[in-house]
Amino acid sequence: MSLHIAVDWRRGDFALKCQVDLETDGVTALFGRSGCGKTSLLRVVAGLERVPGTRVRFRGVDWQSDRDFVRPEQRCIGLVFQEHSLLPHLDVKHNLLYGWRRMPAGQRRVALKSVLELLEIGNLLERRIHQLSGGQRQRVALGRALLRSPDLLLLDEPLAALDTQAKREILPFLDRLARESEVPMLLVTHAPDEVQRLADRVVFMSDGRVDEICSLQKAMTRADSPLFADDGPASILHGMLSSVDEYESQVFETGGGVQLFLQMTGSSPVSSRVRIKARDVSLALDDPAKISIRNHLPVVIERLHELPGQRVLASVRLNDGQVLMSEITSWSAQQLQLSPGMQVWALIKSAALV
Ligand SMILES: Nc1ncnc2c1ncn2[C@@H]1O[C@H](COP(=O)(O)OP(=O)(O)OP(=O)(O)O)[C@@H](O)[C@H]1O
């Protein structure tokens, strides 16, 4: 199941030139600085731009070639943009069903009920669009796109117009959509935290070109990853939230038997990954007993990278094989005489894992 794109498009001073083959299961993020051509590439895939000489092939079907051009509404895609594009004169229910009603019954693979449950918008059906918050509007826009039973969801910075609070509210729904709907997504974003939270693979773009395509895991192991530009180095651990203890700490378990305690913040849909900033991870030579930090994980040091400002980034491997990053001072690395292959303990405060 793959998406082939070959495009060479000059637009004034800007040129978009790339040839890529993408696996399309899960979430693929198109990531790069503003103006690097992410939206242009997405619009070519959607068929919103018809650039001569372009080839777009999805799951063995030519959407665009020298001979063919499949119109956007016939590409079996769902589109969600930065600004919601819902119809203001209709209520939520009629917005949701707008595209669904226009589809032949045999092509409807997604039921309204499941979309309402997935995005928790069942209580909004009677509302007009102006009566919704920004986050609710984007959930409705996602629901409408999903109800078109798409083979591919194209999301162009769906969170960019939202404030931090609304973003925090909607991210878990996007996460849930990605994991539960089984519809592959192409997500345009310049926000590293969205990539880290949602993506399975990343297409790094700059100046109209694709620099690299790699898995999120691989993208997170480079000390100089562009994904670390905002918040510094971090790691993503995959697993599942399980029980809650009497202190409202949630237990996050990875498949390989690693357990983390993290602090709950209200009730939001559960996530299958946890993001840990490298500067929230300390290292110790043994397992300290009298210490307030709750997460003590035995790890093996894989690599040590010198960072500017007398800091060291240690990549350490957990018992389950996943990689964790720890940022410490060069002084600490020297005091502990850290070196690759050493067994040490990674210490993480639960309060850092929200
Ligand atoms: N309608 C247009 N006509 C001419 N040039 C355009 C047009 N729209 C965008 N561009 C230019 O094409 C380039 C790529 O724009 P594009 O929107 O694809 O970038 P982007 O990476 O998605 O940016 P952002 O993250 O800011 O949305 C930019 O230099 C932009 O100025």
(request) Please specify each residue of region 56-71 satisfying the condition of being crowded, with 16+ Cβ neighbours inside 10 Å and either out of contact with any Lys or Arg (no Cβ under 8 Å at 6 or more places or on another chain) or within 16 Å of Q82 (Cα to Cα) (or both). (result) V56, R57, V70
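Every residue, every condition in (1) in the same structural domain as E180 (by the TED database); (2) over 25 Å from the mean Cα position of the chain (by Cα); (3) of a type in the set (A, V, I, L, M); (4) closer than 23 Å to L142 by Cα, yes or no:
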residue	(1), (2), (3), (4)
V61	yes, yes, yes, no
D66	yes, yes, no, no
L87	yes, yes, yes, yes
V92	yes, yes, yes, yes
Y98	yes, yes, no, yes
(message) Within region 1-21, take every residue that is basic (K, R) and more than 7 Å from the ligand (Cβ to nearest atom) and give me the one that is modelled with the lowest pLDDT.
(response) R10
(message) Being touching a residue at least 60 places away in the same chain (Cβ under 8 Å) and outside any helix (DSSP H, G or I) is the filter here; which residues of region 212-226 pass it?
(response) I213, M220, T221, A223
(request) Grab the strands (runs of 3 or more DSSP E) fully contained in region 22-84, keeping just those with 1 or more residues being within 12 Å of the ligand (Cβ to nearest atom). (result) 27-31
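The values are calculated or read from the model by the stated rules, or taken from the named source; none is laboratory data. All values reported here derive from a predicted model rather than from experimental measurement. A quick note on method: Cβ atoms are made from the backbone with ideal geometry, for glycine too, and the neighbour counts reach across all protein chains shown.
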